[in-house]
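Worksheet for the structure shown next.
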Amino acid sequence: MRKVFAATALCFSLIAGAQSQQAERFSIATLNIDGLPQKVLVVNVNADGPGSAGTVRIGKYLMKKSFDMVFMQEDFNYHEELTAMLEDEYQLDAWSGDVGIDGHKIDFLHLQNERFECDGLMGCWKKGLNVTDGARTAWADGFGKFSHSNDLLATKGFRRYEVTLNSGTQLVVYNLHMDAEDELDTEEGKAGADRAARVNQLKQLRDDIMSNLDERPVVVLGDFNSFYFRDKLKENFVDFINDSGKATVSDVWVELKNEGRFPEYQEDNRSRDDKEEEHGGESLDKIFYINPTSAAVKVKAVSYLRDIEGYLHNGKPLGDHYPVSALFEVTDTRDNTGVEAVSETDNAPAEYYNLSGQRISQPANSGLYIERKGKDVRKRTVKY
């Protein structure tokens, strides 16, 4: 163990002196594409959704915007319409399936037990980026099967990705979809169970982030179904991570559009407005970024957009949610030219470490690693 930390310390001490900065940028977007069918079993789910034709337009919109990475929610029954325009330019995530009865045996005597295994989460990224798509994680808590927005009909949760940009910079990205609440329940003050479920989901998310935290920046985005005034988002996510001392977290909208101020939580607030520019422009869809405190590579948001005007067709929005996107800048304070050569006379076998100082047998994925050979230590970019 001492050898591992010694190698890591030596690496960073050798390359820290020059403090040269290399900056690159990447764009990322989140969008609930509203891909539920109009009816599931006996339940009216999405009668006013975009349907097949509207989803084709959403695909065209994304192709026109040409984000480096897009992470979506509710990609259920119109997946082919969505992705047909994207396949030439983007690498697509694995689709989890639709919400429907085709090929699905229904136990009509026990409808309360029915649940579709799809989560609706979908990612796509420009070809050339290296993305490892990790396992899907279902929420441990949720509420509402045939009421309260029907959240338990699908297996909602989050997905974690490991991303290597073209330069070799490594990131972690989370895409998620949290519990919704029905408009009537909100107005009548009956959404308490939905809000309690979201708090538990938020805690599950942050615990997963913190348990996997290393030297890589983290971007967290998706449909949180949350406003700061009605959910304890700041307390249970932002403050928790910042108070840990291990990382700092920022909400891009708060930072760039709300002068760094978080809206105050209100104990009894029944108002609801998901689609309009209310609550100071806050959206249910959010983008956070997390920088480990000890990391030399960090990300910072330089722009934010909730695209309302660009998402209209004949004066109406293409789907239930407006796209939210951000442009990030990556800063690497290490000197990438500080240590490069390995002595030709040193025949010691090479040893490899990840950026958190853990010994690995050999790099299995593209990315940046620490290589030690004898007394020499260098950074090594591996591309597969």
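The values are calculated or read from the model by the stated rules, or taken from the named source; none is laboratory data. Just so it is clear, the structure is predicted and the values come from calculations on it, not from any experiment. FYI the Cβ positions are ideal-geometry reconstructions off the backbone, even for glycines, and counts take in every protein chain you see. These accessible areas exclude ligands, DNA and RNA; they are computed on the full protein's heavy atoms, side chains included. Shrake-Rupley method; radii C 1.70, N 1.55, O 1.52, S 1.80 Å.
Which condition does A295 not pass, out of (1) open to solvent by less than 20 Å² (accessible area, probe 1.4 Å); (2) in contact with a strand residue (DSSP E or B) (Cβ under 7 Å, 6 or more places away or on another chain); (3) at pLDDT 90 or above, if it passes all the others? Going through (1) open to solvent by less than 20 Å² (accessible area, probe 1.4 Å); (2) in contact with a strand residue (DSSP E or B) (Cβ under 7 Å, 6 or more places away or on another chain); (3) at pLDDT 90 or above one by one, A295 breaks only (2).
R380 meets all of the listed conditions (1) more than 27 Å from E181 (Cβ to Cβ); (2) assigned to a loop (DSSP other than H, G, I, E, B); (3) open to solvent by 20 Å² or more (accessible area, probe 1.4 Å); (4) modelled with pLDDT under 75 but one, namely (2). Every condition in (1) modelled with pLDDT under 95; (2) open to solvent by 30 Å² or more (accessible area, probe 1.4 Å); (3) more than 19 Å from L305 (Cβ to Cβ) is met by T248 except one, and the failing one is (1).
The residues listed here are S325, S361, S343; of these, the one that is open to solvent by less than 70 Å² (accessible area, probe 1.4 Å), at pLDDT below 75 and either of a type in the set (S, T, N, Q) or within 20 Å of L171 (Cα to Cα) (or both) is S343. Selection over region 192-226 of residues that are farther than 24 Å from S325 by Cα and crowded, with 21+ Cβ neighbours inside 10 Å gives a count of 2. S13 satisfies every condition listed in (1) at pLDDT 85 or above; (2) part of a helix (DSSP H, G or I); (3) more than 25 Å from F288 (Cβ to Cβ) except (1).
Close Cβ contacts (under 6 Å, 6 or more residues apart or on different chains) running from residues in region 67-79 that are within 9 Å of G120 (Cα to Cα) and surrounded by 24 or more Cβ atoms within 10 Å (Cβ to Cβ) to residues that are at pLDDT 90 or above and among the polar types (S, T, N, Q) comprise Q73/N32; E74/N32. Among residues of region 222-240 that are over 17 Å from E255 (Cα atoms) and in a helix (DSSP H, G or I), those with a Cβ under 9 angstrom from a residue that is at pLDDT 95 or above and of a type in the set (D, E, K, R), sequence gap 6+ or separate chain, pair up as N236/K203; N236/R206; F240/K203; F240/R206. Looking across region 241-251, not a single residue is free of Cβ contacts under 8 Å to residues at least 12 places away in the same chain and in a strand (DSSP E or B).
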